[in-house]
Amino acid sequence: MKKLFYVLALVAVASFAFTGCKKGEPEGNKVVKRLTHLLAYYSQTGTEPNAEQGVDDFTISYNADGKIAKIERPDRSWTFSYEGNVITAAYVKEGSAKNPYVFTLGSNGYVASFVDYENKSYTCEYDAEGHLTKTTKNGEKKSELQWENGNLKKFSRYESSKWEWKEQTFLAEDNIGGVFPDCDDKAGIDRWMFEIGLFGKPSKKLVDQAAWETSELSAVQTYKKDADGYVTLVDKLYNGKHEFFGYTWEVVK
């Protein structure tokens, strides 16, 4: 659970923030929105999050081209610049400049490799549909991901000196806006990078339940949506405890 507090829980905007490509938007959806604010909150009581309860509290701003310009939370920020297929995110934490994140996009518009603020290097592989299938960190495999009918059915991690898989089931509901409730613990990459659309397409449908093969417990996810079907709240219930992700959107089309 501690990791969940640290990872950034942004969300993929319907108009892909870096290339301008459509990203996971179901056919027939007339309204396109982008994320402007997100709260992540953990609770044992089931109380929904509000502005005073945010564990992770993020604001996203965009430039005139509709690309992400800056991501801010109270203690740190990422400022984005673009040159060809390279995206640089200048990183400032508690007023001190750190090494930037440097992302190199592949021909599919998603990250093929990147270097983080600790100078650790990552590589990524995708299937023909643009779904992430494998990641490495400093040359060592971090995760493999398996997709079925456009949904992430299972993914692996190395834990306690062995590989294990998390398996997922899905609701019939479309994942309008392309949220990533299924990306925590995945691929050895921080959640915020998935959520802003850097690492491939999201699942077509919304996640119902997920469980590691070594556990008898499942995480069950329920959702609240706005009138256009965009997720405004994810309630993830695991072992009697709730994790919430609240999303605020603005209309861009």
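Points to keep in mind about this one:
- Lone unmet requirement of (1) modelled with pLDDT under 95; (2) within 23 Å of residue 36 (Cβ to Cβ); (3) not polar (S, T, N, Q) for residue 101: (1)
- Of all residues making up segment 83-131, the number that are among the hydrophobic types (A, V, I, L, M, F, W, C) and touching a Gly at 6+ places or on another chain (Cβ under 9 Å): 4
- The set of residues in segment 101-118 being of a type in the set (Val, Ile, Thr) and touching a helix residue (DSSP H, G or I) at 6+ places or on another chain (Cβ under 9 Å) consists of 111 alone.
- Output for segment 181-205, where each listed residue is farther than 20 Å from residue 105 by Cα and at pLDDT 80 or above: 203, 204, 205
- Residue 149, sole failed condition from (1) more than 18 Å from the chain's Cα centre (by Cα); (2) within 27 Å of residue 253 (Cβ to Cβ); (3) loosely packed, with under 15 Cβ neighbours inside 10 Å: (2)
- Answer from 79, 59 - the residue that is among the hydroxyl-bearing types (Ser, Thr, Tyr), modelled with pLDDT of 80 or more and in contact with an Asp or Glu (Cβ under 7 Å, 6 or more places away or on another chain): 59
- Check on residue 222, of a type in the set (S, T, N, Q), under 20 Å from the mean Cα position of the chain (by Cα) and closer than 18 Å to residue 34 by Cα: no
- Residue match in segment 47-63 (condition: closer than 25 Å to residue 253 by Cβ, surrounded by fewer than 15 Cβ atoms within 10 Å (Cβ to Cβ) and not β-branched (Val, Ile, Thr)): yes
The values are calculated or read from the model by the stated rules, or taken from the named source; none is laboratory data. What you see is a predicted model, and the numbers here were worked out from it, not measured in a lab. Using ideal geometry, Cβ is built from the backbone for each residue, glycine included, and neighbour counts are taken over all protein chains shown.
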